[in-house]
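Have a look at the structure below before the remarks.
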């Protein structure tokens, strides 16, 4: 039953993609830290000030567990998406979140859980492993389809947006200011690209260190 449902949802997504109109507006974002160094793993979100946000279409995303780490460290998804949590290590993990946007628990397992998990509430979901304390990751659930994650060069390029006025904001796991404090209003035209920049002050990251098991080399 569930497999049939997911198959139908993906078929619907393919049909809607064909019918989706073509837009030409572009947004170029660059994010730096307080030392003016390019900042990766920042999520940029553009929300239209006028008009309706397109309805969410079903999508299945993946957050891997590789070498006792969540990969990627930050995963932005659209609200209404499903996320798989495959464990590609040769040991079991116990994945959980206590975040308000999504509370869940996947008890000790290896391989891939049978069904993806639905993330239908916008917000930030901090992911952890109950066995390996240093394993931390984030799923950013966006309320709009216009979002992206910064590269190693600190860049996010959003293409094919409808022209109009947008409220554009940025989020990073270590930033000191609130996400709302980063909002910039931007006018996007049918041709050409608008450019926005941020310089974020970051907090130190406190994460338990990977530690070897007693009497064994390497890490848990």
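Every read-out reported here was derived from the displayed coordinates using simple, explicitly stated rules and does not represent laboratory data. Computed from a predicted model, the values in this text were never measured in an experiment. Neighbour counts run over all protein chains shown; Cβ positions are idealised from the backbone, glycine included.
Whole number please: convex hull volume per residue of the Cα set in the chain, in Å³?
Per-residue hull volume (Cα only) is 137 Å³.
Assuming R0 = 22 Å, can you tell me the calculated FRET efficiency for the pair residue 103 and residue 37, based on Cβ-Cβ distance, to the nearest 0.05?
My answer for the efficiency is 0.05.
What spacing in nm lies between the two simple spin-label points modelled at residue 167 and residue 199, each 7 Å away from Cα in the Cβ direction?
Result for the modelled spin labels: 2.6 nm.
Have a look at 66, 139, 127 and tell me which one the Gaussian network model of the chain (Cα, springs below 10 Å) gives the largest fluctuation.
Largest GNM mean-square fluctuation: 66.
Label points 7 Å out from Cα along the Cβ direction at residue 184 and residue 24: separation in nm?
2.4 nm
Sorted by mean Cβ packing within 10 Å, highest first, what order do the peptides 71-81, 193-203 take?
The most tightly packed comes first, giving 71-81, 193-203.
Along its principal axes, what span do the Cα atoms of segment 102-220 show, with the longest given first and each in whole Å?
62, 35, 23
Compute from the Cα atoms of segment 69-111 the Rg and the Dmax, the latter being the longest Cα-Cα distance, and quote both in angstrom.
11.4, 31
Hey, what angle do you get for helix 2-19 against the long axis of the chain, alpha-carbon based, 0 to 90 degrees rounded to 10?
Once rounded, the angle reads 30 degrees.
Send over the Kirkwood Rh of segment 54-143, from the inverse of the averaged 1/r over different Cα pairs, rounded to one decimal Å.
With all distinct Cα pairs of segment 54-143 included, I get 13.0 Å.
When a/c reaches 1.5 or more, the comparison of a/b and b/c decides; with that in mind, is segment 149-197 rounded, prolate or oblate per its Cα gyration tensor?
Oblate, because a/c is 1.5 or more while a/b does not exceed b/c.
If packing is taken as the average count of other Cβ atoms within 10 Å, what order do 159-167, 146-154 fall into, highest mean first?
146-154, 159-167
Which value results for Rg/Rh of segment 118-177 when Rg is the Cα radius of gyration and Rh the Kirkwood radius based on the inverse mean 1/r?
Rounded to two decimals, Rg over Rh is 1.02.
Alpha carbon centre of segment 137-181 versus segment 97-122: separation in Å?
23 Å
Counting only helical runs of four or more DSSP H residues, what would the 222 nm mean residue ellipticity of the chain come to if each run contributes -39,500 (n - 2.57) and the total is spread over all its residues?
My calculation for the chain gives -3000 deg cm²/dmol from helical runs alone.
Select from 205, 187, 49 the residue whose mean-square fluctuation is largest in a Gaussian network model of the chain (Cα-Cα springs shorter than 10 Å).
205
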